[in-house]
Amino acid sequence: MIVTETKLKGCFVIEPTVFKDSRGYFFESFSQPKFEKATGQSGHFVQDNQSASTYGVIRGLHFQKGEHAQAKLVRVIEGRVLDVAVDLREESNTYGQWTAVELSSENNLQLYVPRGFAHGFSVLSETAVFVYKCDNNYNKESEGGIRYNDPTLGIEWGIPDDKKKISDKDLILPLFNA
């Protein structure tokens, strides 16, 4: 496994070692001891989630606040997405900055998004199945978000405006500096 820290401290791209032969492939998608050693982060996850989406869907930017904040380990098992993490840690040197990584069923990359970040993704393929581990259980009262097209952040989602599919809930999220 190759672990590379992004420009955002504590946010890592994880590339598994894939073993291929004439039968197909095998890789270890998660090992708590290896994850903790490589990242210095807790690998204690308590909830797994999965979503399926079609081309043009943008989900996010979402986060959990306070004691219900969540770190996530995300990957794609079908299709391609542009995965985005935004640093919301006010004490951080990269506060308000974002990083994006293309995750796909071909590259098998994962992104570790620590607590204190907003997260979202756009679907670049016809369909995509997105899975993620969370280190804290979801709590509706603690959910928060930032509008996907916030001009301060200026995120390029890789989807033409006329093809973007955003939920009603995500369309009314506040702006970053609101």
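The values are calculated or read from the model by the stated rules, or taken from the named source; none is laboratory data. Fair warning: this is a prediction, and the values are worked out from it, not measured in the lab. Using ideal geometry, Cβ is built from the backbone for each residue, glycine included, and neighbour counts are taken over all protein chains shown.
So in segment 108-140, with the set limited to residues that are without any contact (Cβ under 8 Å) to a residue 60 or more places away in the chain and more than 19 Å from Ile155 (Cβ to Cβ), which one is farthest from the chain's Cα centre (by Cα)?
Lys140
Name the residues in segment 32-51 that are out of contact with any Asp or Glu (no Cβ under 8 Å at 6 or more places or on another chain) and aliphatic (A, V, I, L, M), would you?
Ala38
This table checks each residue for (1) modelled with pLDDT under 95; (2) surrounded by fewer than 21 Cβ atoms within 10 Å (Cβ to Cβ); (3) on the phi > 0 side of the Ramachandran plot.
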{"residue": "Ala85", "(1), (2), (3)": "no, no, no"}
{"residue": "Thr94", "(1), (2), (3)": "no, yes, no"}
{"residue": "Leu109", "(1), (2), (3)": "no, yes, no"}
{"residue": "Thr127", "(1), (2), (3)": "no, yes, no"}
{"residue": "Lys133", "(1), (2), (3)": "no, no, no"}
{"residue": "Arg147", "(1), (2), (3)": "no, yes, no"}
{"residue": "Asp162", "(1), (2), (3)": "no, yes, no"}
{"residue": "Pro174", "(1), (2), (3)": "no, yes, no"}
{"residue": "Asn177", "(1), (2), (3)": "yes, yes, no"}
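Which of the numbered conditions does Ile155 fail, given that it passes all the others? Conditions: (1) touching a Leu at 6+ places or on another chain (Cβ under 9 Å); (2) farther than 21 Å from Ser92 by Cα; (3) among the β-branched types (Val, Ile, Thr).
(2)
Tell me, yes or no, whether segment 52-61 has at least one residue that is touching a residue at least 24 places away in the same chain (Cβ under 8 Å), of a type outside the set (Val, Ile, Thr) and in contact with a Cys (Cβ under 8 Å, 6 or more places away or on another chain).
The answer is no, given that none of the residues of segment 52-61 is touching a residue at least 24 places away in the same chain (Cβ under 8 Å), of a type outside the set (Val, Ile, Thr) and in contact with a Cys (Cβ under 8 Å, 6 or more places away or on another chain).
Among the residues of segment 1-51, write down those that are touching a Gly at 6+ places or on another chain (Cβ under 8 Å), without any contact (Cβ under 8 Å) to a residue 24 or more places away in the chain and under 28 Å from Gly96 (Cα atoms).
Listed by number, the list holds a single entry, Glu36.
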